[in-house]
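A short worksheet on the structure shown next.
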Amino acid sequence: MPEPVDRLSAPHYVWGEVSDGWRLVDRPGLSVVEERVPAGAGEEWHVHAEARQFFYVLEGEAVLRTADGDVALAPGRGVEISPGLPHQFFNRGPGDVRFLVISAPSTRADRAAGTPSPPRGAESLPRGAEPMRTD
């Protein structure tokens, strides 16, 4: 019989010194992670060669940036990121953002940092934010 999972029972990790993640599903073919990112924090530009990801915001406000521009995300909104599409997630809101990241296959060992440059005229992160990364 399948066992239910929540943040209390899921393995927890800290990334970027200030952000939290809970591995709700952690299989080679599928990863479901709930994450919490405080105001002004986010991750570095990166790309996944094989994983397709879906970011879905539960609470707060976030921006998912691609080379094509920014996608504003509020509670109940999500965006799909295709394999090979460089992206950066950050919290531009006044409080924490909680969201789900669903990846197929898992992003473990499928991440390259430092790509690409942000869209012309855009900053890589909001002023004062420090670059951070997830695994």
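Between the range 84-111 and the range 9-38, the alpha-carbon centres lie 10 Å apart. The coefficient of translational diffusion for the range 15-113, derived via Stokes-Einstein from the alpha carbon Kirkwood radius under 4 °C and 1.567 mPa s, stands at 97 µm²/s.
Here, each number is a calculation from the coordinates, and none is a lab measurement. Small disclaimer: the values here were computed from a predicted structure and weren't measured.
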